[in-house]
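J.: After the structure tokens below, expect a handful of questions from me.
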Amino acid sequence: MRAKDRIPCIRIPGVPSEAVRTFVRFLYSSCYEKEAMKRFVLHLLVLSHTFSVPSLKRVCSEHLEHGLLTMENVIDALQLARMCDASRLELLCIRFIVNNFKSISTSEGWKVMRKTDPQLEQELLEYVVEADSRKQEKTKRIEERKIYLQLYDAMEALMHICKDGCRNIGPHDKVLKGGEGACNFPACKGLELLVRHFSSCKVRVPGGCTHCKRMWQLLELHSRMCGEPDVCKVPLCKHFKEKMKQQSKKDEVKWNLLVSKVMAAKATVNSLSKFKASGPYGININTW
Ligand SMILES: [Zn+2]
Ligand SMILES: [Zn+2]
Ligand SMILES: [Zn+2]
């Protein structure tokens, strides 16, 4: 059967007679052979739309969604989904194309579409670019959150070292004894290196040495987050609280933002850890 004989409003190159047979069988029995569905799913989709058989349209869409959509037919499927008002299928096709863009953009279907419907090509390229930048933003957010979590862990380890005294470092045991492992605080080891450096560095002024500068920042961050500066054992806690009184508006905004991000990162992890266990982050003294 030629498409132009029966379906004057939709121009398709042709519908094989076997596809029409499958279609008619479905009309009478709601049954179909899997093999026929596999071969003629796109023809059946068009027929279901043209002759208003929503149940068949649903069946075709489901089969495409669950395995019949391929790198080779997805461009045709997308164009037909648009013609047949199958919006869910349309979205599935776009997602499939975006996820497999590299292979699909070299397929025959893509080459034909580029010539016949350059506007669609442009639209799909925009989807790909958009998805790519979303992916990059997500990676950036994850990396940022990792750094804020490292800072939170560093704050906890700092309190632990100054308040309880770590078994490797702190008021009760300043020298690391041979054979002793690091304690269970995830950031303790990184902080230990930093504190050891800080206590022996000759430069020791903010901005004078990268490691010392980081230590100053950590101590200031602690002070910003500390609610008990009068009884706090963390060095310079009170000093920074005093210094805060003369801070510029710009500094205040900067530090408040950092504190809120550190707290937010921790809150996110806490809520996520209800669903899955998350690994600890050791503080990396070369980041932030
Ligand atoms: Zn420790
Ligand atoms: Zn230093
Ligand atoms: Zn404090």
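The values are calculated or read from the model by the stated rules, or taken from the named source; none is laboratory data. The model shown is predicted, which means the values in this text are computed figures rather than measured ones. Note that we place each Cβ from the backbone using ideal geometry, even for glycine, and neighbour counts take in every protein chain shown.
J.: Collect the residues in the stretch 210-265 that are surrounded by fewer than 18 Cβ atoms within 10 Å (Cβ to Cβ) and among the polar types (S, T, N, Q), keeping them in residue-number order.
T.: Within the stretch 210-265, Thr210, Gln217, Gln246, Gln247, Ser248, Asn256, Ser260 meet the criteria.
J.: Here is a follow-up. Considering only residues that are touching a Ser or Thr at 6+ places or on another chain (Cβ under 6 Å) and not in a helix (DSSP H, G or I), which ones fall in the stretch 32-59?
T.: Matches in the stretch 32-59: Tyr32 only.
J.: Restricting attention to the stretch 190-214, and to residues there that are away from ligand 1 (no atom under 16 Å from the Cβ) and aliphatic (A, V, I, L, M), which single residue is modelled with the lowest pLDDT?
T.: Val205
J.: Let me ask something else. Checking the condition acidic (Asp, Glu), without any contact (Cβ under 8 Å) to a residue 40 or more places away in the chain and within 18 Å of Ile147 (Cβ to Cβ), which residue from Glu252, Glu220 passes?
T.: After ruling out the rest, the residue left standing is Glu220.
J.: Okay, moving on. Which pairs turn up if I take residues in the stretch 99-128 that are assigned to a helix (DSSP H, G or I) and surrounded by 12 or more Cβ atoms within 10 Å (Cβ to Cβ) and look for partners that are among the aromatic types (Phe, Trp, Tyr) and modelled with pLDDT under 95 with beta carbon separation below 6 Å, at least 6 apart in sequence or on another chain?
T.: That search, which allows pairs on different chains as well, returns Ile104/Trp110; Val128/Phe101.
J.: Among the residues of the stretch 17-63, count how many are within 13 Å of Cys84 (Cβ to Cβ), among the polar types (S, T, N, Q) and exposed (fewer than 14 other Cβ atoms within 10 Å of the Cβ).
T.: Residues that pass the stated criteria total 1.
J.: Follow-up question, since we're still on this one. Might you check whether a residue that is of a type outside the set (A, V, I, L, M), under 32 Å from the mean Cα position of the chain (by Cα) and either at pLDDT below 90 or assigned by TED's automatic domain parsing to the domain that holds Val234 (or both) occurs anywhere in the stretch 157-180?
T.: Looking through the stretch 157-180, none of the residues is of a type outside the set (A, V, I, L, M), under 32 Å from the mean Cα position of the chain (by Cα) and either at pLDDT below 90 or assigned by TED's automatic domain parsing to the domain that holds Val234 (or both).
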